[in-house]
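See below for the structure under consideration.
The values are calculated or read from the model by the stated rules, or taken from the named source; none is laboratory data. Note that this is a predicted model, so its numbers are computed, not measured. Positions of Cβ are backbone-derived with ideal geometry, glycine not excepted, and every protein chain shown enters the neighbour counts. Side chains are part of the model used for accessible areas, which takes the heavy atoms of the whole protein and leaves out ligands, DNA and RNA. Shrake-Rupley method; radii C 1.70, N 1.55, O 1.52, S 1.80 Å.
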Amino acid sequence: MRPLLIFLLTVLASTDVLAWNAAGHRLSAIIAWQGMAPETRACVDAALRHHPDHGRWREKAGADDSALIFAEASTWPDSIRHDPRFAEEAATSPLPGFPDIQRHSDWHYVDFDHLGKRGRGQLDRQIVALTETVRTTPDIARIAWALPWLAHLVADLHQPFHAGYPVDHGGNSLLVEDPADVRRPFVSLHTWWDDLPGKSGLRGKRLRQKAGALLAGQSPPRQGNEALWLRESRALLPSLYPENAGSVAQLIDATYQARAREIADRRISEAGWRLGGLLDTICRQRVSHETPREFRRQQ
Ligand SMILES: [Zn+2]
């Protein structure tokens, strides 16, 4: 086998479904935070402080800044993939403070074939389930666990290849060639899309600046729910396969690159706005449930 081909096959074999890289998730989370009501921010911040990894997020954020900590929390479901404290299968002895230590790799995506028949993956269903958990459970540890998942998955559903076709594993088994990327000219189409938001170390002031720049070019989308966000990703999908051939794989040319960037910027912003809207609704409903109980206690 030719060395180049062996190399390319190795690249694809090591590719995993990840979703937007950490920069994409942090951008959506910061945009959500900016749009959220002050009461929602307080409700989210208070819950996240019960998460056992809150200290780690604060360290990574570089400050006790609730918005930046929320941004770090939104990357947590990806970080546990390589964390030995967590398991592929349900484990019998959960870590203190964690109601669930499964990695849940199949929550990050959902596949539908070209006829719309559902395949593997739980992405849309878990958004519904986690919303219900955060909205109704009295268990603060469970809310603290579910919130990073919810923030993460709302963004994942806005990455069209996370609602992909099973035949190419959501673009994971399709190689593309990007001559503009000298460091990594050959990656899977899925990975190429995941990396569109920029360097995965984007944090702090630069993160806020980039979020501001994204918002400047966009207008708020219709809120909708997971069914609409899924439909939108699926509607984009067929047009996101590069049409021109490169030297050994489908080519990412300047036209494709420009359009993909525009779509990624819009989807990341939409995910942020909608996550903020969803958390506003959830926290409002929690308050209206809890008020009578609080009230009774004070009588
Ligand atoms: Zn993900």
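The table below lists the values:
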| read-out | value |
| --- | --- |
| Qualifying trypsin sites (Lys or Arg not before Pro) in the stretch 158-259, DSSP loop, other Cβ atoms within 10 Å at most 14 | 183, 199, 222 |
| Value of D in µm² per second that Stokes-Einstein yields for the stretch 13-139, Kirkwood Rh from Cα pairs, at 20 °C (1.002 mPa s) | 131 µm²/s |
| FRET efficiency, 1/(1 + (r/R0)^6) with R0 41 Å, evaluated for residue 92 and residue 255 via beta carbons | 0.15 |
| Solvent-accessible heavy-atom area per residue, rounded to whole Å², over the chain at 1.4 Å | 47 Å² |
| Axial C-alpha extent at least 24 Å, average Kyte-Doolittle at least 0.0 - helices from the chain (DSSP) | 140-157 |
| Charge sum, other residues only, whose C-beta stays under 13 Å from residue 165's C-beta, Lys/Arg counted +1 and Asp/Glu -1 | +1 |
| Rg and Dmax of the stretch 96-247, Cα atoms only, in Å | 17.5, 57 |
| Rounded to 5, percent antiparallel among DSSP beta bridges of the chain | 65 percent |
| Simple Cβ-charge dipole of the chain, Lys/Arg +1 and Asp/Glu -1, about Cα centre, in debye nearest 20 | 700 debye |
| For the stretch 86-220, with +1 on Lys and Arg beta carbons and -1 on Asp and Glu, the positive-most of 207, 191, 109 along the dipole | 207 |
| Sequence-distant residues sharing a close amide H with residue 223 (under 5 Å, placed H) | none |
| Candidates per chymotrypsin sites (Phe, Trp or Tyr not before Pro) in the stretch 157-246, loop by DSSP, up to 16 other Cβ within 10 Å | none |
| Mean shadow area of the stretch 180-299, taken as a quarter of the surface of its Cα convex hull (nm²) | 11.1 nm² |
| Distant alpha-carbon pairs in the stretch 93-178 (separation over 17 angstrom), percent | 54 percent |
| Cβ-based net charge around residue 254, under 14 Å, with every Lys or Arg adding one and every Asp or Glu removing one | -4 |
| Amide H within-cut-off set for residue 187, under 5 Å, with H built and near neighbours excluded | 176, 178 |
| Mean ellipticity per residue at 222 nm, deg cm²/dmol - from DSSP H runs of n ≥ 4 across the chain, formula -39500 (n - 2.57) | -17500 deg cm²/dmol |
| Gained length - residue 247 relative to residue 34, 0.36 nm times residue gap less alpha-carbon distance | 72.2 nm |
| Accessible surface of residue 255 - all protein chains present, 1.4 Å probe, nearest 10 Å² | 110 Å² |
| Residue 228 paired with residue 285, simple spin-label distance in nm, labels 7 Å along Cα-to-beta-carbon | 1.6 nm |
| Along the chain, longest interval not containing exposed GluC sites (Glu not before Pro), exposed being DSSP loop plus at most 12 other Cβ atoms within 10 Å | 90-242 |
| Accessible surface of residue 167 - all protein chains present, 1.4 Å probe, nearest 10 Å² | 110 Å² |
| GNM flexibility winner over the chain from 170, 24, 224 (Cα, springs under 10 Å) | 224 |
| Ranked order, 241, 256 - accessible area, probe 1.4 Å, largest first | 241, 256 |
| Kirkwood hydrodynamic radius (C-alpha pairs) into Stokes-Einstein, the chain, 10 °C and 1.306 mPa s, D in µm²/s | 79 µm²/s |
| Normalised contact order of the stretch 3-298, rounded percent, pairs of Cα under 8 Å and 6 or more residues apart | 29 percent |
